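K.L.:
Quick one: structure below, then a few questions.
The values are calculated or read from the model by the stated rules, or taken from the named source; none is laboratory data. None of these values were measured; they are calculated from a predicted model. Virtual Cβ from ideal backbone geometry, glycine too; neighbours counted across all protein chains shown. Accessible surface is based on the protein model in full, side chains and every heavy atom, while ligands, DNA and RNA are left aside. Shrake-Rupley method; radii C 1.70, N 1.55, O 1.52, S 1.80 Å.
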Amino acid sequence: MRKVRVEAPASSANLGPGFDVFGLALDVAYDVVEVEVVNERRRGIEYFEVYGKHRDDVPRDSRNIVYRLAEKILEMFNRDITIGIRLEKNVRPRSGLGSSGASSAAITSALLTLLNVNVEPIRAVEIAALGEELVTGSRHADNVAPSMLGGFVVIRRYDPLDLVRLEPPNNLGVVIVIPKVEVPEEKTKYARSVLPEHASLRDVIHNVGHASYVAIGFALKNINLIARGMNDVIVEPRRMSLIPGGEKARRRALEAGALATAISGAGPSLLAIYDRESGDDVGHIIGKAMIEGFNEEGVDAEYYVTRPSAGPRVSILS
Ligand code: HSE
């Protein structure tokens with residue numbers, strides 16, 4: 001094997017009450033990585049090229065997460081090969097769609113395939129999570145795990161990592177709305193810094209009950225249970241105040257037929273879920289209503305109607 005291509009999906013973390021616990025892979029965009037072996041004499045990266053819709057929104061040199069993680073993985077498996085990497089950056093950074101998770105998943109899957117190392121899926125997620133740590137400074141895996149495994153992921157604990165992957169219901173429709181607002185450079189770090197150190201027992205009970213409904217809803221493939229569970233009283237109230245127009249957009253989504261909404265990851269995107277069996281145009285109606293909600297507060301936004309992703313697509317090119 002000389003050359004491998006991997007497309008790894010965007011994702012939405014938290015889904016309301018599952019802060020750092022839930023993640024859903026989304027078909028909305030994929031980061032694409034192509035890695036080839038250039039020679040087998042010494043360890044290194046001969047070239048690193050960045051293309052794609054968001055090429056100008058990420059570092060195009062050794063500071064890029066893909067580059068840094070590739071170096072780490074070669075070192076980890078002690079492989080003296082020189083590789084070349086092409087990244088097609090399609091997941092918008094700093095939007096709440098797991099951009100660094102998608103990049104980390106893509107390079108991890110590509111290199112593990114190319115190096116022909118057989119690791120358990122959970123170990124592969126742990127390796128990809130190192131990339132997330134490099135960028136955000138925290139070890140949450142609720143974006144990399146769905147980007148690596150597809151579907152819906154529940155993370156029970158981090159040290160050691162333990163998780164369960166579930167296949168989402170077929171009729172789960174997702175609308176993503178990305179507001180055009182100023183976002184700090186280290187967005188996730190900032191959005192974590194506004195969170196409370198402690199939560200009251202009453203709020204914890206609320207979140208545990210609701211998170212359980214989300215997980216049970218995915219296990220039973222019942223979107224109404226998922227929707228009833230998507231309510232968070234600990235993290236979202238703090239973060240919503242960072243998203244101008246967010247509260248209005250959320251209200252408009254529910255009026256337009258969404259079953260539930262959440263801040264996607266650390267924001268500023270919002271996510272709404274709906275029943276795909278209720279009609280093809282429902283997602284668009286919800287998306288447009290949410291944009292109007294943002295517009296009422298003077299904020300421009302764009303929407304995408306999407307669905308869960310089955311995970312990375314790996315092709316062996318030569
Ligand atoms: N669970 C993380 C957070 C996801 O909400 O901070 C960040 O993408």
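K.L.:
In degrees between 0 and 90, to the nearest 10, how far off the longest principal axis of the chain does helix 246-255 point, with axes built from Cα atoms?
P.N.:
The answer is roughly 70 degrees.
K.L.:
Modelled label-to-label distance, E277 and D57, 7 Å Cα→beta-carbon offset: nm?
P.N.:
3.5 nm
K.L.:
If the chain between A199 and H284 were fully stretched, how many nm would it gain, using 0.36 nm times the residue separation less the Cα-Cα distance? Let's see the in-between values first.
P.N.:
On the way: separation 85, 0.36 × 85 = 30.60 nm, distance 3.65 nm.
Value of the extension gain: 26.9 nm.
K.L.:
Can you give me the distance in nm between label points at Y190 and R79, each placed 7 Å from the Cα along the Cα-to-Cβ direction?
P.N.:
Distance between label points: 3.7 nm.
K.L.:
To continue, here is another question. Under 25 Å from the Cα of K3, which lysines turn up, not counting those fewer than eight places away in the same chain?
P.N.:
K53, K72, K89
K.L.:
Keeping every protein chain present and rolling a 1.4 Å probe, give me the accessible area per residue for region 11-159 in Å². Could you put the intermediate results ahead of the total?
P.N.:
On the way: 5600 Å² over 149 residues.
Per-residue value: 38 Å².
K.L.:
Something else: Counting only protein heavy atoms, what percent of the accessible surface of the chain is carbon or sulfur at a 1.4 Å probe?
P.N.:
Taking all protein chains in place, the chain shows 46 percent carbon and sulfur surface.
K.L.:
Helix 99-114: angle to the longest alpha-carbon principal axis of the chain, degrees 0 to 90, nearest 10?
P.N.:
So the inclination is approximately 30 degrees.
K.L.:
Taking 8 Å as the Cα distance limit and 6 or more residues as the minimum spacing, I'd like the relative contact order of region 52-186 as a percentage. Each step should come with its number before you reach the end.
P.N.:
Details: 154 pairs, mean separation 27.3, N = 135.
Result for region 52-186 is 20 percent.
K.L.:
While we're here: Taking 0.36 nm per residue of sequence separation and subtracting the Cα-Cα distance, how much length would be gained by fully extending the chain between E49 and D27, in nm to one decimal? If you can, show how the numbers build up before the last one.
P.N.:
Numbers: separation 22, 0.36 × 22 = 7.92 nm, distance 2.41 nm.
Gain in length upon complete extension: 5.5 nm.
K.L.:
Right, something else. Would you mind checking the tilt of helix 121-136 against the longest principal axis of the Cα atoms of the chain, expressed as 0 to 90 degrees and rounded to 10?
P.N.:
80 degrees
K.L.:
Under 11 Å from a point 7 Å along the Cα-to-Cβ line of E120: which residues of region 299-318 have their amide N that close?
P.N.:
Flagged as within label range: none.
K.L.:
Oh, and also: How high is the relative contact order of the chain, given as a whole-number percent (alpha carbon pairs under 8 Å, six or more residues apart)?
P.N.:
The normalised contact order for the chain reaches 25 percent.
K.L.:
With r as the distance between the Cβ atoms of R157 and E296 and R0 = 41 Å, compute the FRET efficiency 1/(1 + (r/R0)^6) and round to 0.05. Don't skip to the end; give the middle numbers.
P.N.:
On the way: r = 42 Å, r/R0 = 1.02.
About 0.45, to the nearest 0.05.
K.L.:
List the relative contact order of region 174-305 as a percent without decimals, with contacts defined as Cα pairs under 8 Å and 6+ residues apart.
P.N.:
Numbers: 218 pairs, mean separation 47.8, N = 132.
Reported relative contact order: 36 percent.
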